[in-house]
Structures are given as structure tokens and as C-alpha cells.
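This report refers to the structure that appears directly beneath it.
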Amino acid sequence: MRLLGRTVCKRGTAVIIIDNEHVALDTPYGPMRTHIFRPAAPGRYPGVLFYSEIFQVTGPIRRTAALLAGHGFVVAVPEIYHELEPAGCVLAYDQDGADRGNKHKTTKELASYDADARAVLDHLASRDDCTGKLGVMGICIGGHLSFRAAMNPDVLAGVCFYATDIHKRGLAKGTNDNTLDRVGDITGEMLMIWGKQDPHIPREGRRLIYETMTDAGVNFTWHEFNGQHAFMRDEGHRYDPALAMTCYGMVIELFKRRLGEGDLPAEEGGPKESRH
């Protein structure tokens, strides 16, 4: 494990220091660099597997991970194309980056995506600073990957932001994934968030996912907002900061309720350190 640095934020008069490091996790498809964001204060916190967009661990993804960590979670962000790109690769938010990321999406094996999820969940559960209570979250392709990761029985809560390709079985090599067939494997509570103006997941596609989850008896809440694809990304013209704040509030509420607060012990004597 190598420490990369710390993110320092101010909340009122308090200073929140979030450790930022990465680990190399073993998978059947090669080592996977996974970025860890966690509160610097000692103690144990719930774990969250957070999946990026097709561009991997960009600035907006890092800031979202830091936000989650600042609310008291150990957040693990894997590089989803670790067997296709060198460690540390970040694709640009431009047409070339989008083309490369979309090509990788359907080059990678479905079994590799699932093995990646299991590797990160196992790592989080084994950490001394994690309570073992696990959640998942993802954006865009990451929404689809978090949906699949929620099929692991130890995942207590999942969040999917405008999850692409579920409705058309378009994830991974062969573009005929079995995600819709496995919806009944989800046992945790799900939060599904969509943009009505998102051309990647049309109304018919959203309806198919909703009906499949309902028929399978999944415990979920469903929110459709007037927003474009990538409305959570704090770079670019599609960003909607007011909507993003609303959504982050729902995410934190779900994770706090289903994963708990952690078990940071109170310090005896002297000033109390902020838990975050």
C-alpha cells in the first residue's frame, strides 16, 4: 500500500483530512490498482465500493470519493480497465477518451468485471479500518457495475446513477450480459437515480429495469430527475450542482441507515478529534 497524499477540506471551523492511497489487488485477470479514500481519524468505518465512469479515476470521481469518505466511509475506487490500460491511466473527457472507454467496455470479459467486484469487496472487509458493512455505488458504466456488484450477498446497499446498458444487455465482450436475468440475486436495498433527458437510457429502457426489479421483489427506491447524462460530473456543461447535492443527500442517508456509523471509540482525556 502506498500513500499518495491527503485531501484537506474545511467544514465550518473543522478541518477534515482524508487519506488517499492505492493498493494493487490480485484478480484472475491481473493486478488491479484500487484507490482508497478514508477518514484520517483512527477507527473503523463502513466500506463502499465506488465505480467510475468509462474514463476511470478522474478528478470528478476523486472528489466524489473524497465526499463519501468525509462522511465516514472507507471508499475503494478500482481502475475498471486494469487489464487493458496501464496502472494509473485516466482517459480524457473528450471524443477520443469516450471512444477508447466505450471500446474497452465491450472488450472486457463479463467474468472479469465480476471478479473485480469480489476482489474489492473482500479487500474492504479485510481492512482493519473497515467494519465489514459494505455498500456499492457507481456512475454511468459504474452504475451498471455497482448493480452487478450488489448481487453479492454481503452488499447491504447499492446506488446506481444513470446505469448504462442494463436495458440492452450491452456490458462486456459479446454484448449479451445476464444482468437482467440476475436481478433476483440482489438482497440489499437499492437507490436508482436517472436523468429524464439522458439519451443513453430512454424511457422504455428505464421502464424495463423498473419492472424487472419490481417483479423480482428487490427493495429499491426510484428517482427520475430533469437531468442530462453525467449531471453529477462537476466538469462540463451538463453538471447540475443543485441536483447533485440533492442526490448526495439521498446517498448518504441510505449508506448511514443501512451500513451504520462505524465504531470509532471515544478518546479518553484531552480534546476529542473529529471522526472524519
Legend entry - Single unsatisfied condition, residue 194 versus (1) under 18 Å from residue 151 (Cβ atoms); (2) in a strand (DSSP E or B): (1)
Inset, instruction - Tell me which of these residue 171 doesn't satisfy, since it passes every other one: (1) touching an Asp or Glu at 6+ places or on another chain (Cβ under 8 Å); (2) without any contact (Cβ under 8 Å) to a residue 60 or more places away in the chain; (3) surrounded by 13 or more Cβ atoms within 10 Å (Cβ to Cβ). - result: (2)
Inset, instruction - Output the qualifying pairs, or none if there are none: Cβ atoms under 7 angstrom, residues six or more apart or on different chains, first residue in segment 151-164 and modelled with pLDDT of 95 or more, second residue of a type in the set (Phe, Trp, Tyr). - result: 157/255; 158/147; 160/147; 162/194; 163/147
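Among the candidates 21, 53, which residue alone is part of a strand (DSSP E or B), of a type in the set (Asp, Glu) and surrounded by 15 or more Cβ atoms within 10 Å (Cβ to Cβ)? Spell out the reasoning first.
On the way: 53 fails: part of a strand (DSSP E or B).
Matching residue, one of 21, 53: 21.
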Inset, instruction - Determine which single condition residue 245 fails, assuming it passes every other condition in (1) of a type outside the set (D, E, K, R); (2) assigned to a loop (DSSP other than H, G, I, E, B); (3) farther than 25 Å from residue 107 by Cα. - result: (2)
Legend entry - Checklist (1) touching a strand residue (DSSP E or B) at 6+ places or on another chain (Cβ under 7 Å); (2) closer than 30 Å to residue 261 by Cβ; (3) crowded, with 17+ Cβ neighbours inside 10 Å applied to residue 151, failing item: (1)
Inset, instruction - Mind listing whichever residues of segment 122-135 are within 14 Å of residue 45 (Cα to Cα) and either in contact with a helix residue (DSSP H, G or I) (Cβ under 9 Å, 6 or more places away or on another chain) or not small (Gly, Ala, Ser) (or both)? - result: 123, 124, 127, 128, 129, 130, 131, 132, 133, 134, 135
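Residue 69: in contact with a Lys or Arg (Cβ under 9 Å, 6 or more places away or on another chain), assigned to a helix (DSSP H, G or I) and more than 21 Å from residue 198 (Cα to Cα), yes or no?
Criteria met by residue 69.
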Legend entry - Criterion violated by residue 145 - all others in (1) out of contact with any His (no Cβ under 7 Å at 6 or more places or on another chain); (2) surrounded by fewer than 18 Cβ atoms within 10 Å (Cβ to Cβ) satisfied: (2)
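Would you confirm whether any residue within segment 224-233 is loosely packed, with under 14 Cβ neighbours inside 10 Å, on the phi < 0 side of the Ramachandran plot and either in contact with a Leu (Cβ under 7 Å, 6 or more places away or on another chain) or touching a residue at least 12 places away in the same chain (Cβ under 8 Å) (or both)? Working first, answer last.
Pass one, segment 224-233, residues loosely packed, with under 14 Cβ neighbours inside 10 Å: 226.
Now narrow it down to the ones that are on the phi < 0 side of the Ramachandran plot: 226.
Narrowing the set further to residues that are either in contact with a Leu (Cβ under 7 Å, 6 or more places away or on another chain) or touching a residue at least 12 places away in the same chain (Cβ under 8 Å) (or both) leaves 226.
Yes - at least one qualifying residue is present in segment 224-233.
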Legend entry - Residue count for segment 131-168, restricted to those that are among the charged types (D, E, K, R) and on the phi > 0 side of the Ramachandran plot: 1
Legend entry - Cross-chain or 6+ apart pairs with Cβ under 7 Å, segment 84-101 first and over 16 Å from residue 229 (Cβ atoms), then of a type in the set (Phe, Trp, Tyr) and surrounded by 15 or more Cβ atoms within 10 Å (Cβ to Cβ): 90/55; 91/55
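The values are calculated or read from the model by the stated rules, or taken from the named source; none is laboratory data. All values reported here derive from a predicted model rather than from experimental measurement. Ideal geometry is used to build each Cβ from the backbone, glycine not excepted, and the neighbour counts take in all protein chains shown.
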